[in-house]
Structure formats: structure tokens, C-alpha cells
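**Student:** If you scroll down you'll find the structure; I have some questions about it.
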Amino acid sequence: MRAHEAGALHAEGYGAAPHWLPYPNDVMELLPQLWSTGVTRGDDGVLAVAGVPVTQIARDFGTAAYVVDEDDFRARARAFADDFTRPFVAVCGGADVYYAGKAFLCSAVARWVMEEGLSLDVCSGGELAVAQRVGFPPERLALHGNNKSLAEIRQALSYGVGRIVLDSLEEVQRVAQVATELGVVAPVMVRVTVGVEAHTHEFIATAHEDQKFGFSLASGSAAEAIEAVLAHDGVLDLRGVHSHIGSQIFDVSGFEIAARRLVGLHVAVLQEHGLHMPEMDLGGGYGIAYTSEHDPMTPAHLGADMAAVCDREMRVLDELVEGDAPAPRPRISIEPGRAIAGPSTLSLYEVGTVKQVQVTGDAVRTYVSVDGGMSDNVRTALYGADYSCTLAGRSSEAAPAVTRVVGRHCESGDIVVMDEYLPADVGPGDLLAVPGTGAYCRSLSSQYNHTPRPPVIAVRDGRARVIVRRETVEDILALDVDE
């Protein structure tokens, strides 16, 4: 849309659907790329998840609610464990997949990840406690974070985590200190900012220089960090280098540059210090379809493309001969979170009010308010994220109308879905379903306006069960200290 000198409200076309949102032939049609594989719509228009109608879920558990298709989650995890890793066998002996717990983690999800053969990436003592609660194998755990406390480091090393990703020189000293206290050798990786800027929102692009994560490759601080780790020989075990270039990425071009630069650093360590680092982590950030404009790659496609990239970039190691054999190639690992959790979950809301607002000229926008909002999905307000939605509890033959779905909170930015076509007769009491809310929505949720957070309902084989219970006002008040 062309900008207007008097502001966006005066721009031509304001109030209309965005350019990427086509007028639907059937406003009740489900676009399969947006929904978990277990979501269907019956002849009565009612959505079902793994055979359970959302009307039943709303009746039994209330709204707002997160509804996760367990089989879909598990299938996506298996696809990364199998289809993604298969091409890497010929490249570097295989690949390891760490589910990024920050996307969404609870005890049930940790068990699913463990049972489907993935490793787990945690970013705090709380996330690590979830892993410990379910007996997650410690060697399959990684601890991230840019400011780990001594208590968290001690918790991780006492449990025996397989890697700690170092993010500052102070942290090198902290991990060495705790490892010495405990009498253990700490397996560590060094997080490197490789100077690749993913084409995504500023706050989720994480490999450019001007941000809080990692050690800059260009400035030489990454090499300094590696030397600091090696100075603690017998206390710190340098397993390799790590990079994460951002989130919601739809091609491998950025990973290609990152791999090239990480391999270059790997070679430098080999030549300068005589150390073969056995691992290299390329992070995560693989995109999913939130709306019809998104076209994500399958894990098989992603694995084939990234394996080809890594094979090409690692050939420089084949030319470094020690004795009669070329230098060994590091084993690759990745950290998908959103790509597994995101599409497996929908948010279920009930409509409370509908308001027609004249925005400019003849343009009218329909505001549909639901019983949730930025307390259970802050991503629209935080990142300008786009979502889709559909009428979920009945059929409708009404004409499509551009609608903005908003929340119940006292913020004008409390928007759940910026623009979507819904039937023009949507009204109070209707159920709406928003797909793709499995990643970061519950993790970033809050008690804004003292609103209890929704439950997480897992559905499988026609049965729904609570895996995270709904908060209550009593839960919130229990934290108050009234002296």
C-alpha cells in the first residue's frame, strides 16, 4: 500500500484486505497447510481435532484453550528425526535434532520428544526441570541462554547435560568454576554470530552483529572465546561451534553462508590448536505456514538441501590430511521448535461482541472480539505476526467479509488476527479457531489484566485430555503477599 503524507488512515485502499489475502471461493474451506493433519470439518461445519468436535472441547474444557493434535506433533518430530537426518549419513555420519523447548514445553511434550527420539534444547533452569521431571536422558540435553546463573549451570552439570552453549567470556569462567567445584568435565559449544541476517522481524533475526547473542566472528571475539575455553583444558570439553541465524525462514541460503563461515572457523581451530571439534550446530528457525502466503519446506526437502550445503562446505576438510586420512567432518545438529509445535496446535475462542467500524470513506471493518487475546498470543502485538482463523462451531452460507479478530484486553494493539475473511454472519457465541499457535503462544503468555492463562488440551484417537490445566484467579491471588 502506498504511504500517505497524512498517515496510514488516509492511504488509498485502507480498510481493504491485504494484497496476499485472496477473496475465498468458499469461506468455510480449510487450507491444509495451515492446520494439523487431524483437523477436519464435518457436514455441519463443526471442526474436529483427531475425531473430537471443538464444540465438545469447548463444552468440556471451556475457552479460550490451546488444542494440540498429539499425533501430528509426534509425526512432525519423527519427520525431523528420520527424513531430515537421513541425507546427512553420507555427509558426516548423521545429524542430531534438538527440539527447541522454548517454542512450547510441558511434561507431556518432553515425553513425546523423548519417545520420538529427539534431543531437547532448554534455555533455563525451569525448562531443564521439566526435562528432569520426565527423566529425559541428560546426554540428549543442551542448555542455551545468554545469562545462565551459577545455579542453572550447577543444575545442568549435576544432571550431566550433553552440551552447554556458551554465550559470553564471563560464562566461560562460570562454567569452568562450577565444573571444577563438581569435579566434572563440562561439554561446551561456543555460540557464534556469523554475520548472516535472516529476512525476518528484527527481534527474531539473531545472527547479525548488533544483538545480544553469541560471539562475533568478524570481530575476532569468537576466536577469543575458543581460546578462553581451551585454556581450561581438563575442565571444559570444546565440542564445537553453534549458530542460529533467525526464525521463520523459508530457504537454506542463509544456512549456506552460516555453514561456510562455521566450517572456516572449524578449520582455523584445527590448524591453530590441533583440535578436531566433533560437532557443529546450525540452529533452527524453520518457517511454518501461518497464512496462505507462506510455503514452508518439508523436513525431507530441508534435510536434503541442508545436507547438500554441508557436504559442499565441508569438502575443505577432506583436503586437510593428517597421516593417511582426511580430517574428520563434524556431526551436524539443528534445533527446530516452531516447525514441530506450531502447526500441531490451534487456539479455540468464543466470540463475545461484533462491531462494525467505519474506517474511512465507505470502508467498514468488522471487529470480532474473543475471550482471549494478547495474554495467550502476544505475537501479533510483539512481532506484527499474521494469523488465519475460521468459523469453527457451525456452518454458514453468508458472504465472506474482511474481519479483524481482537482480544479482550485494554490495549488497542490487542489483535489476534489482523485480517481474515469470515462469514458476515459471525456473532456472539460462535467458536473461532486460529491455527498455528503451538509455538511461542503459551510460552509467551501472561496474566495481563489478571486474566488466567488457558489450558492446553491434547487430543488423540478421539480422546481429549488436559496436559496443562487452566489457571484460576485463585492461582493469581495466591502470589499476592498482603501484610
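**Student:** Could you work out how far helix 70-79 tilts from the main Cα principal axis of the chain, as a 0 to 90 degree angle to the nearest 10?
**Tutor:** Its long axis makes an angle of about 40 degrees.
**Student:** Can you give the angle from 0 to 90° between the axis of helix 221-230 and the longest principal axis of the chain, with both taken from C-alpha atoms, to the nearest 10?
**Tutor:** 60
**Student:** Which of rounded, prolate, oblate describes the range 208-334, given a ≥ b ≥ c as roots of the alpha-carbon gyration tensor eigenvalues and a/c under 1.5 marking rounded, otherwise prolate only if a/b is larger than b/c?
**Tutor:** oblate
**Student:** A further question on this structure: Can you tell which of Cys123, Ala75, Leu47 lies farthest toward the positive end of the dipole of the range 45-138, using +1 and -1 charges on the Cβ of basic and acidic side chains (Lys, Arg; Asp, Glu)?
**Tutor:** Cys123
**Student:** With unit charges on the beta carbon (Lys/Arg positive, Asp/Glu negative), name the residue among Val316, His276, Ile288 whose Cα is farthest towards the positive pole of the charge dipole of the range 272-350.
**Tutor:** Looking along the dipole axis, the top candidate is Ile288.
**Student:** So, one more: Of all DSSP beta bridges in the chain, what percent run antiparallel (nearest 5)?
**Tutor:** Antiparallel bridges: around 50 percent, rounded to the nearest 5.
**Student:** Quick one: which residues, 5 or more positions from Gly337 or on another chain, have an amide H under 5 Å from its amide H? H modelled 1.01 Å from N in the peptide plane, none for Pro or chain starts.
**Tutor:** Here the answer is Ala100, Gly285, Tyr286, since their amide H atoms fall under 5 Å of that of Gly337.
**Student:** Could you pull the accessible area for Asp461 with a 1.4 Å probe, rounded to 10 Å²?
**Tutor:** The accessible area comes out at roughly 130 Å².
**Student:** Check His409: other-chain or 5+ apart residues with amide H under 5 Å from its amide H, H built from backbone geometry?
**Tutor:** Under 5 Å from the amide H of His409: Met374.
**Student:** A further question on this structure: Based on Cβ point charges of +1 for Lys and Arg and -1 for Asp and Glu, what charge dipole magnitude is obtained for the range 343-414 about its Cα centre, in debye rounded to the nearest 20?
**Tutor:** 60
**Student:** Could you tell me what percent of the accessible area of the range 23-149 is made up of carbon and sulfur, with a 1.4 Å probe and every protein chain present?
**Tutor:** Within the range 23-149, the accessible surface is 46 percent carbon and sulfur.
**Student:** Given the options Ser375, Ser412, Ala399, identify the residue whose Cα lies farthest towards the positive end of the charge dipole of the range 346-483 (+1 on Cβ of Lys, Arg; -1 on Cβ of Asp, Glu).
**Tutor:** Ala399
**Student:** Classify the range 362-449 as rounded, prolate or oblate from the Cα gyration tensor: take a ≥ b ≥ c as the square roots of its eigenvalues, call it rounded if a/c is under 1.5, otherwise prolate when a/b beats b/c and oblate if not.
**Tutor:** Verdict is prolate for the range 362-449.
**Student:** Based on the alpha-carbon gyration tensor of the range 311-433 and its eigenvalue square roots a ≥ b ≥ c, which shape applies: rounded if a/c is under 1.5, prolate if not and a/b is larger than b/c, or oblate?
**Tutor:** prolate
**Student:** While we're here: Using alpha carbons only, how many degrees (0 to 90, rounded to 10) separate the axis of helix 169-182 from the longest principal axis of the chain?
**Tutor:** 70
**Student:** I would also like to ask the following. Residue by residue, what Karplus-based ³J(HN,Hα) values in Hz, rounded to whole numbers, does the range 292-307 have, using 6.51, -1.76 and 1.60 with θ = phi - 60° and x for Gly and Pro?
**Tutor:** Those phi angles translate into 5, 7, 9, 9, x, 7, 6, x, 5, 5, 4, x, 4, 5, 6, 5 Hz.
**Student:** How many percent of the accessible area of the range 258-325 is carbon or sulfur, using a 1.4 Å probe?
**Tutor:** Of all accessible area on the range 258-325, carbon and sulfur atoms account for 48 percent.
**Student:** Could you tell me the ratio Rg/Rh of the range 218-277? Both radii from Cα atoms, Rh via Kirkwood.
**Tutor:** My calculation puts Rg/Rh at 1.03.
**Student:** Taking every DSSP beta bridge with both residues inside the range 9-130, roughly what % is antiparallel (nearest 5)?
**Tutor:** Roughly 60 percent of the DSSP beta bridges within the range 9-130 come out antiparallel.
**Student:** Next question, about the same structure. How big is the gap, in Å, between the Cα center of the range 9-84 and the Cα center of the range 179-195?
**Tutor:** With the range 9-84 and the range 179-195 each reduced to a Cα centre, they are spaced 41 Å.
**Student:** Additional query: Which whole-angstrom value gives the distance between the alpha carbon centres of the range 210-251 and the range 433-483?
**Tutor:** First find each Cα centre; the distance between them is then 36 Å.
**Student:** Here is a follow-up. Might you tell me the accessible area per residue for the chain, computed with a 1.4 Å probe and given in Å²?
**Tutor:** Value for the chain: 42 Å² per residue.
**Student:** Can I ask one more? To the nearest 20 Debye, how big is the dipole of the chain about its Cα centre, given +1 on the beta carbon of each Lys and Arg and -1 on that of each Asp and Glu?
**Tutor:** Charge dipole of the chain: 680 debye, to the nearest 20.
**Student:** Then there's this: For the range 466-481, just list the computed ³J(HN,Hα) in residue order, Karplus coefficients 6.51, -1.76 and 1.60, θ = phi - 60°, integers in Hz, with x standing in for Gly and Pro.
**Tutor:** Once θ is set to phi - 60°, the couplings for the range 466-481 become 7, 10, 9, 6, 5, 5, 10, 4, 4, 4, 5, 5, 5, 7, 6, 10 Hz.
The values are calculated or read from the model by the stated rules, or taken from the named source; none is laboratory data. Keep in mind it's a predicted model, so treat the numbers as computed, not measured. Glycine also receives a Cβ, built like all others from the backbone with ideal geometry; neighbour counts cover every protein chain displayed. Just so you know, the surface numbers come from the protein's heavy atoms only, side chains and all, with ligands and any DNA or RNA stripped out. Shrake-Rupley method; radii C 1.70, N 1.55, O 1.52, S 1.80 Å.
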